[in-house]
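*Asks:* Here it is, the structure, as structure tokens.
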Amino acid sequence: MRTPVIAGNWKLFKTAPEAIGLVTGLVPLIAGKSGVEVVIAPVFTVLDRVRSAIAGSGIHLAAQDCFWEEEGAFTGEVSPKMLIDAGCTHVIIGHSERRQYFGETDATVNRKIHAAGVAGLTVLFCVGETLEERESGNTFNVLRTQIAGGLAGVGTAAMERVIVAYEPVWAIGTGRTASDEQAQEAHAFIRSELHSLYGPATAAATRILYGGSVKPENIGGLIAQNDIDGALVGGASLKAESFAVLVNAA
């Protein structure tokens, strides 16, 4: 059995008081829930304070990105070691917004995954196609390329700390969600690629999340699919009530 994951990516939202208010409201709403792994990813500046606010709650703390070097003359970057020092157990790598706005490539994603794994962080590795790529029939080619590039050199043992997140770019923040069938088809393909790369045991054990305008109204159909093991959530994670509904659904 794969334990479902509901992860909230807060993106560029929430000052420290707002972040503390959100988690203070969230913790009692999901207290005592078992059988689901809950992860939240605030901005770097509030990680340490959020860590204190969720202590003992069972909620895991994630960062939204990391750099591949441990330290050095890399202005503006944050290393995996520093994320662990701030209380993180997880990190999001390869999100489409990092690829779209900040020049992230499969090669840099790969370097970050290796560095995060060595440091002991669990990686939420994001893949997904644009609307143009989907409409041109290239969804599977894009996913194959991103998976092969991002996981190059990542061994079977290291895959125990990798969670894949399928995020069709055309569904992120648009209100347009992949149908349950479209999402399942992509997830099944990703699992088949993991089977080719790592064999049946790793493919069966790896959790694959769906991301893209996930909300209380559509989580039920998505989570019911055979190969969908949870969700990487944007907007709906910014309110305690809506995020708690997603956690309870999982």
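*Asks:* Test ARG144 against the criterion of being more than 24 Å from GLN225 (Cα to Cα), under 19 Å from the mean Cα position of the chain (by Cα) and basic (Lys, Arg), and give yes or no.
*Replies:* no
*Asks:* Out of the residues in segment 195-209 meeting the condition of being farther than 21 Å from ALA224 by Cβ and among the hydrophobic types (A, V, I, L, M, F, W, C), tell me which one is surrounded by the most Cβ atoms within 10 Å (Cβ to Cβ).
*Replies:* Step by step, filter segment 195-209, then rank; the result is LEU197.
*Asks:* Test LEU246 against the stated conditions and say whether it is out of contact with any Asp or Glu (no Cβ under 6 Å at 6 or more places or on another chain) and closer than 30 Å to GLU18 by Cα.
*Replies:* Yes, satisfied.
*Asks:* Further, regarding this structure: Given the conditions (1) under 18 Å from the mean Cα position of the chain (by Cα); (2) in a helix (DSSP H, G or I), and given that VAL154 satisfies all but one, which numbered condition is not satisfied?
*Replies:* (2)
*Asks:* If you don't mind, another one. Go through (1) surrounded by fewer than 19 Cβ atoms within 10 Å (Cβ to Cβ); (2) touching a Gly at 6+ places or on another chain (Cβ under 7 Å); (3) in a helix (DSSP H, G or I) and name the single condition PHE189 misses.
*Replies:* Every condition holds for PHE189 apart from (2).
*Asks:* Something else now. Would you point out the residue of segment 174-190, among those that are touching a residue at least 12 places away in the same chain (Cβ under 8 Å) and charged (D, E, K, R), that is farthest from ARG134 (Cα to Cα)?
*Replies:* So the residue we want is ASP180.
*Asks:* If you don't mind, there's one more thing I want to ask. Only one of (1) among the aliphatic types (A, V, I, L, M); (2) buried (at least 17 other Cβ atoms within 10 Å of the Cβ); (3) outside any strand (DSSP E or B); (4) in contact (Cβ under 8 Å) with a residue 24 or more places away in the chain is not met by LEU29, so which one is it?
*Replies:* With respect to (1) among the aliphatic types (A, V, I, L, M); (2) buried (at least 17 other Cβ atoms within 10 Å of the Cβ); (3) outside any strand (DSSP E or B); (4) in contact (Cβ under 8 Å) with a residue 24 or more places away in the chain, LEU29 is out only on (2).
We did not get these values from a lab; they are worked out from the coordinates using the rules stated. This is a predicted model, so every value here is computed, not measured. In this analysis, Cβ positions are derived from the backbone assuming ideal geometry, glycine residues included, and neighbour counts consider all displayed protein chains.
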